[in-house]
1. Just a yes or no: is a residue in segment 211-223 touching a residue at least 12 places away in the same chain (Cβ under 8 Å), touching a Gly at 6+ places or on another chain (Cβ under 6 Å) and among the hydrophobic types (A, V, I, L, M, F, W, C)?
2. Could you run through segment 9-19 and say how many residues are open to solvent by 20 Å² or more (accessible area, probe 1.4 Å) and either farther than 11 Å from His86 by Cα or basic (Lys, Arg) (or both)?
3. Quick check: is even one residue across segment 171-186 within 13 Å of the ligand (Cβ to nearest atom), among the polar types (S, T, N, Q) and either open to solvent by 20 Å² or more (accessible area, probe 1.4 Å) or at pLDDT 95 or above (or both)?
4. Name every residue in segment 149-170 that is within 16 Å of the ligand (Cβ to nearest atom) and assigned to a loop (DSSP other than H, G, I, E, B), in order of residue number.
5. Mind checking which residues of segment 66-88 are of a type in the set (Asp, Glu) and open to solvent by 70 Å² or more (accessible area, probe 1.4 Å)?
6. (1) within 13 Å of the ligand (Cβ to nearest atom); (2) open to solvent by 30 Å² or more (accessible area, probe 1.4 Å); (3) in contact with a Pro (Cβ under 8 Å, 6 or more places away or on another chain): which one isn't true of Ser96, the others all being true?
7. In segment 121-134, which residues are out of contact with any Leu (no Cβ under 9 Å at 6 or more places or on another chain), away from the ligand (no atom under 13 Å from the Cβ) and in contact (Cβ under 8 Å) with a residue 24 or more places away in the chain?
8. Say we look at segment 202-222 and pick out the residues that are farther than 18 Å from Asp293 by Cα and out of contact with any Ser or Thr (no Cβ under 7 Å at 6 or more places or on another chain); which of these is surrounded by the most Cβ atoms within 10 Å (Cβ to Cβ)?
Amino acid sequence: MPGPSDTWLITGVAGFIGSHLLETLLRAGRHVVGLDNFSTGKKENLSDVEARVGAERWARFRLIEGDLRSPNACEAAVRGVDVVLHQAALSSVPRSLVHPVQVLEANTIGSVNLFSSAAQAGVSRVVYASSSSVYGDVSTALRREPVLGEPMSPYAVSKRAMEQLAAVTHRNTCIALTGLRYFNVFGPRQNPDGPYAAVIPRWIRALLDAECPVIYGNGTQSRDFTHVDNIVRANLLAAARPAGSCGVFNVGTGHGTSLNALFETLRTHVAALPGRAKASEVRALAAPPRAGDVASALADLDLARQELGYEPVVNLDEGLRQTVSHFAGVRGTRNFLEARR
Ligand SMILES: NC(=O)c1ccc[n+]([C@@H]2O[C@H](COP(=O)([O-])OP(=O)(O)OC[C@H]3O[C@@H](n4cnc5c(N)ncnc54)[C@H](O)[C@@H]3O)[C@@H](O)[C@H]2O)c1
């Protein structure tokens, strides 16, 4: 079990999920090292965490600006570290179809560098971010850990290779390596801009600007949209597993929501904000399905419940409400994990 004096490394610390892990660990008084090359991460995410946790807790954080693809950067980052939460990657299925080499280098070569450095440095536990995309074209919507289909994008290949590299590293070194297959994560600080932005921040931004967002396909395809605090919770549980453990677990909510239903809910939340009534008139534009997208996906949580004791802490509706408030700049947006402590 990680102890209060342990030092944690978060790779991808300036990204969306990494910055939430950082905030939670610093609030809990932990010492944290962060590694990021700022390819998609932002300095503003770190300044936001600094402002939220205060100077005293922030002093326990050390940032290394470096690239996972460099073995030297990985060696420097794991020095003196007890637990690694590995989040750094180039994400997005569409990005990987356009830039497959960059995605494979960052996600696969970068991960094997990190796993080897961690094992050599005597790190006790590594938790790493995999993805529901590894299920590929499996025929049922409900995703169970042992049943994998064919990958549908280079991103999915990179995450599957990462899981296999983790299993091989574990077999040869006995370092504890736990993978978490995240399902469509959303929350404050997720990037709403650019061609590879995820659907929830992109649509919230469009609705706030009273612009029409695009739905690819007929909108009946469903996803297990998961608030980032559920992801943080799962990482902490995985980091507390016994020494020498290995395995891969789904992290979602176990509930599916269609893109059409998601759009309706977001529109209602945005239109309910002061001065945003015009959002209720916004209609979604239809576009053909995108290459690499799966039909429907929903996490089976049995294994995560059994082995990690994982249970979602934030449901979709409260998570969306909080995220809409964040993007609308409503002051005092609550932190669920802090509120439940
Ligand atoms: N957001 C989701 O819905 C989702 C779903 C499934 C899996 N994941 C996985 O979760 C992890 C975090 O995703 P996120 O949404 O926070 O993405 P993000 O893009 O916000 O964060 C990724 C971070 O990794 C950094 N990074 C990328 N390549 C790097 C490299 N070579 N060296 C050092 N740093 C590097 C980026 O600068 C960024 O700060 C990723 O591994 C992603 O594949 C995310």
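The values are calculated or read from the model by the stated rules, or taken from the named source; none is laboratory data. Bear in mind the structure is a predicted one, so any value in this text is a computation, not a measurement. Using ideal geometry, Cβ is built from the backbone for each residue, glycine included, and neighbour counts are taken over all protein chains shown. We work out accessible area using only protein heavy atoms, side chains counted, and drop any ligands, DNA or RNA first. Shrake-Rupley method; radii C 1.70, N 1.55, O 1.52, S 1.80 Å.
1. No, that holds for no residue.
2. 1
3. Yes.
4. Pro151, Met152, Ser153
5. Glu75
6. So the condition that Ser96 fails would be (2).
7. Matches in segment 121-134: Ala121, Ser124.
8. So the residue we want is Leu207.
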